[in-house]
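One structure below.
The values are calculated or read from the model by the stated rules, or taken from the named source; none is laboratory data. What you see is a predicted model, and the numbers here were worked out from it, not measured in a lab. Positions of Cβ are backbone-derived with ideal geometry, glycine not excepted, and every protein chain shown enters the neighbour counts.
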Ligand SMILES: [Zn+2]
């Protein structure tokens, strides 16, 4: 049986590179089919991006290949999966998905409708504005 939190976070996720106008990956919400609590579309989409990145680095000879870039804070940019990328969603993400977006360093989040039960980027919480977090991202809602 689905719980309301799962239903509220149901949508399809599209992660795109706005500079190249390129769809990186997409994932559907399948929690209701798999009954796996992590099968939210955002989590699945980030996992797909991670798998592509793993395959890319393996094909280039692992971490030896390529030049590691650092940002002003000295972090290796390559260690963040979604730096500079955008995600498009039909529904505002839940707290789990919003934290996954934060940890992957998403650039911007766009969604169409609020998630009044468990939305973490405007409805219930405003995670992206929390002052103690070391990554900020912009959020756009069409409502
Ligand atoms: Zn979610």
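Just to be sure, is residue 10 at pLDDT below 75, outside any strand (DSSP E or B) and within 14 Å of the ligand (Cβ to nearest atom)? Considered against the rule, which asks whether it is at pLDDT below 75, outside any strand (DSSP E or B) and within 14 Å of the ligand (Cβ to nearest atom), residue 10 comes out as yes.
Listed here are the residues, each with its yes/no results for (1) modelled with pLDDT of 95 or more; (2) assigned to a loop (DSSP other than H, G, I, E, B).
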residue: 81; (1), (2): no, yes
residue: 88; (1), (2): yes, no
residue: 109; (1), (2): yes, no
residue: 112; (1), (2): no, no
residue: 136; (1), (2): no, yes
residue: 139; (1), (2): yes, no
residue: 143; (1), (2): no, yes
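No other residue among 39, 3 is within 21 Å of residue 117 (Cβ to Cβ), modelled with pLDDT under 90, more than 9 Å from the ligand (Cβ to nearest atom) and touching a helix residue (DSSP H, G or I) at 6+ places or on another chain (Cβ under 7 Å) apart from 39.
Checked against (1) modelled with pLDDT under 85; (2) away from the ligand (no atom under 16 Å from the Cβ), residue 52 meets all criteria but (1).
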